[in-house]
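Structure, as structure tokens:
Bear in mind these aren't lab numbers, they're just calculated from the coordinates by the rules spelled out. Note that the coordinates shown come from a computational prediction; the quantities given were computed from them, not determined experimentally. Don't worry about glycine lacking a Cβ; one is built from the backbone with ideal geometry, like all the others, and counts go over all protein chains shown.
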């Protein structure tokens with residue numbers, strides 16, 4: 001009887017939340033409560049330099065609150081959270097992951113708290129924030145193609161995914177693995193959906209050099225180990241290029257896989273007020289500009305200025321991201337990929 | 001005599017004998033250290049996601065071709081590495097320990113240098129050198145012979161390339177065991193053989209090789225097991241080469257959605273292989289006695305090389321190019337230039353990378369943590385291994401076989417899996433250690449214990465109990481005999497065990513990667529993070545720093561007069 005009653009309440013709550021929760025402004029009361037907590041623990045998979053800069057900017061803006069940056073790979077953090085929550089440890093305040101499907105899982109587990117920063121309510125497109133206000137896309141990036149400018153002339157470089165199937169690229173391509181990288185998992189899902197698995201099957205016949213992490217193909221490209229990359233993190237490629245390495249991204253004509261990295265507040269955050277203050281801060285223009293300038297990521301904030309020399313977000317034909325579908329197909333994607341690429 | 005004996009026997013009773021409680025304490029600590037993570041491993045291997053018992057994980061392990069291939073690849077690699085390491089390290093150890101070859105100290109130092117190199121750092125360095133297209137050696141080769149870009153001298157992204165890199169950083173295990181064992185073999189047995197008219201080759205075959213055999217076998221075993229559970233080098237090289245090893249597969253099983261049960265089952269399989277190998281080893285060794293150090297000893301005799309001196313030196317230094325000279329040249333280039341791949345020139349020389357590496361907030365904290373953990377793990381680990389190997393070698397307590405097994409079992413658990421097992425074991429009462437340096441210390445102790453134990457056990461094989469018995473008859477307790485008689489005799493073995501653990505801890509990555517937090521970073525995890533960001537220059541700086549620290553510590557340790565005067 002009690003269970004049924006609880007169930008009814010639960011359902012009622014679900015129905016009642018058809019409207020997203022209202023935006024939460026940063027009030028003096030929130031700042032005061034957060035300062036009293038004195039600390040916020042941030043699990044992030046953002047590139048270290050960018051992550052530390054965001055944390056430092058927060059500490060400068062809100063003296064008395066320190067940010068503990070727990071930076072690791074997205075999959076590693078995901079596993080760590082699962083381990084910690086499985087063992088009753090509640091350390092994390094704010095979570096950020098480059099693998100959006102993680103948030104589907106966390107939301108399902110009931111580990112996230114609804115909280116909508118003002119910037120998110122005002123500027124974010126509806127498909128880049130959770131309808132229940134549990135998370136929103138904090139940063140995004142692409143998984144473009146790319147080539148080595150020293151070994152290949154611009155006019156000879158491939159223009160599309162389909163170009164990579166030309167026999168002349170056999171043994172010249174490097175790509176990362178969806179079994180290890182959340183970014184590549186998402187990219188593989190989008191490519192398989194838009195171009196079909198037969199495309200990937202044909203690509204696997206091209207003697208592709210396989211790496212684990214999405215950060216590897218740009219590095220192999222810069223080293224001149226392979227001429228072309230079929231996928232990989234855009235921000236790593238951008239940083240290598242801006243450091244003077246002979247690499248250039250290619251945004252394929254079919255569209256470029258779009259990778260989103262959401263951020264959310266933990267329901268059982270040990271520093272609940274500082275967590276909310278931090279969540280509001282990371283979506284502000286100030287922090288969003290940092291992830292673009294320092295981390296070479298993409299921001300959805302319309303007031304953020306793109307850095308000169310980079311192809312602006314609006315000029316890139318993005319493949320549609322769909323974390324929900326990725327989450328439900330993970331096993332199938334990995335199995336099929338292994339079947340074709342045999343690694 | 002009949003009058004003196006009762007008083008000698010009676011005297012221990014008057015003093016308090018701490019032997020039993022101390023030994024029991026160590027044994028208990030060992031049990032907790034090893035059994036707790038093993039327990040969780042077994043629980044995970046035999047249960048499904050919901051917690052009910054199942055054999056599904058093992059069925060998948062032996063039927064899924066995606067898992068059988070890595071299994072065969074891993075066994076191929078481990079066997080090849082075991083054999084190659086013995087072929088390289090045994091002659092090198094003999095040259096250093098038993099001949100008048102000059103520069104023996106330098107060879108030892110260089111072997112230490114290859115030992116301290118984290119396997120994944122070595123793999124990164126060899127990528128710079130021998131990647132088929134961008135590798136420096138391949139570029140030189142093409143320039144030298146005016147060849148096309150498709151001509152390749154070396155391809156590190158192959159099975160043989162991976163075996164080569166693993167052997168580079170595994171052979172020191174065999175070298176240290178063999179060199180130490182050979183140093184302890186007294187010359188009189190060989191002299192006796194020579195006096196009886198046996199030529200040198202016969203003496204070597206009938207006397208020296210059989211006496212060194214326990215150490216060579218122990219070395220081959222350790223090399224095999226290290227190669228089997230290694231994660232660092234395969235993580236860098238296996239995937240581009242187009243295959244998996246069991247450890248990279250296990251790593252993949254931990255990715256989203258994680259399948260810890262399957263990973264645990266795969267680890268248990270490695271454990272079973274280890275048990276079988278250890279059985280085989282004790283079966284081979286158990287038939288013979290190898291006691292060589294008794295109360296009366298003669299110094300080992302050194303073979304005069306004569307005209308063979310130069311070939312011997314060429315052999316040693318030529319081989320050391322692979323693990324030390326070439327990779328560190330590549331790392332030095334990366335550390336002091338803007339990009340590791342471009343041509344070498346004075347203009348490109350820069351200290352930017354050094355500055356960046358030390359300005360990075362995590363570096364100093366990581367260096368401090370690493371140093372502290374290395375010293376603690378080495379000291380506690382040596383004491384633990386000494387007591388355990390004493391108890392096992394002298395069969396001093398009931399269950400000494402079980403102790404020996406426990407001390408060896410962790411060798412079969414890949415570091416990543418042990419990391420998870422430790423996480424599971426130490427995030428709940430009675431020991432909540434996650435987020436502290438203690439959990440890392442426990443991980444390092446557990447991981448380093450097998451090779452420390454193997455090494456000291458091999459040392460014990462060579463020491464006859466007569467000296468201990470003499471001191472016990474004179475009234476010493478077991479603990480006193482161990483501290484005052486056996487330990488000083490084992491001085492060389494103890495110091496090298498201490499250094500072994502220090503270095504092993506310094507280069508450990510796979511367990512640390514699962515257990516570190518923001519405040520408990522270590523150098524290897526910082527390097528790993530830097531590798532994700534592609535900061536090759538800073539990685540090289542940290543790698544070279546690790547090498548320097550280790551050298552200072554190891555040379556200090558070898559000068560330490562800790563156990564009275566050493567035997568040379």
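Quick notes
- Three-way shape label, the range B:144-272, alpha-carbon gyration tensor, a/c 1.5: oblate
- Residue-averaged beta-carbon neighbours from other chains (10 angstrom radius) around A:202-213: 3
- Exercise: per-residue mean of other protein chain Cβ atoms within 10 Å, A:43-55: 2
- Projected-area mean, the range B:445-519, by convex hull of Cα positions, square nanometres: 6.3 nm²
- For the residues A:323, A:167, A:144, a GNM of chain A with alpha-carbon springs under 10 Å puts the largest fluctuation on A:167.
- Cα gyration tensor, the protein assembly as shown - rounded (a/c under 1.5), prolate or oblate: prolate
- Degrees, to the nearest 10: A:2-16 long Cα axis against longest axis of chain A: 70 degrees
- For chain B, the fraction of C-alpha pairs more than 30 angstrom apart is 53%.
- DSSP-defined antiparallel bridges as percent of all bridges, the protein assembly as shown, nearest 5: 55 percent
- Sorted peptide list for B:144-157, A:107-120, criterion being average Cβ within 10 angstrom, highest first: A:107-120, B:144-157
- With contacts taken as Cα pairs under 8 Å at a separation of at least 6 residues, chain B carries a relative contact order of 22 percent.
- Size-normalised alpha-carbon gyration radius of the range B:58-209, reference 2.2 N^0.38 Å: 1.41
- In units of the rule-of-thumb radius 2.2 N^0.38 Å, the range B:66-112 shows an alpha carbon radius of gyration of 1.69.
- Descending principal axes extents, the range B:87-148, alpha-carbon based, whole Å: 48, 27, 20
- Across the range A:129-276, the relative contact order, built from alpha-carbon pairs under 8 Å that are at least six residues apart, equals 41 percent.
- Cα shape, the range B:11-80, gyration tensor, a/c 1.5 rule: oblate
- Fraction of alpha-carbon pairs over 23 Å apart in the range B:364-449 - percent: 31 percent
- Taking B:320, A:95 and counting other C-beta atoms within 10 Å, the order from fewest to most: B:320, A:95
- The relative contact order of the range A:17-103 comes to 36 percent, based on Cα pairs under 8 Å that sit 6 or more residues apart.
- Across the range A:171-249, the volume of the C-alpha convex hull divided among the residues equals 79 Å³ per residue.
- Kirkwood hydrodynamic radius of chain A, from inverse mean 1/r over distinct Cα pairs, in Å: 21.0 Å
- Cβ-to-Cβ counts within 10 Å put B:114, B:19, B:160 in ascending order as B:160, B:19, B:114, the fewest first.
- Counts of other chain beta carbons within 10 angstrom of each beta carbon in peptide A:214-221 average 3.
- With coordinates expressed along the principal axes, the C-alpha atoms belonging to the range A:50-127 extend over 35, 31, 20 Å, beginning with the largest.
- Its Cα gyration tensor gives the range A:25-172 an equivalent ellipsoid, and the semi-axes of that ellipsoid, as √(5λ) in whole Å with the largest first, are 38, 19, 17.
- Of the three principal axes defined by the Cα atoms of the range A:115-254, the extents in descending order read 51, 37, 27 Å.
- Nearest-ten-degree value, helix A:74-86 long axis tilted from longest Cα axis of chain A: 30 degrees
- Ordering of B:448-457, A:39-48 by burial proxy (mean other Cβ atoms within 10 Å per residue, highest first): B:448-457, A:39-48
- When chain A is treated as a GNM with alpha-carbon contacts under 10 Å, the residue of A:179, A:261, A:295 showing the greatest mean-square fluctuation is A:179.
- Cα-based radius of gyration for the range A:249-296, normalised by 2.2 N^0.38 Å, reads 1.61.
- Neighbour counts of other Cβ atoms within 10 Å put B:75, B:92 in the fewest-to-most order B:75, B:92.
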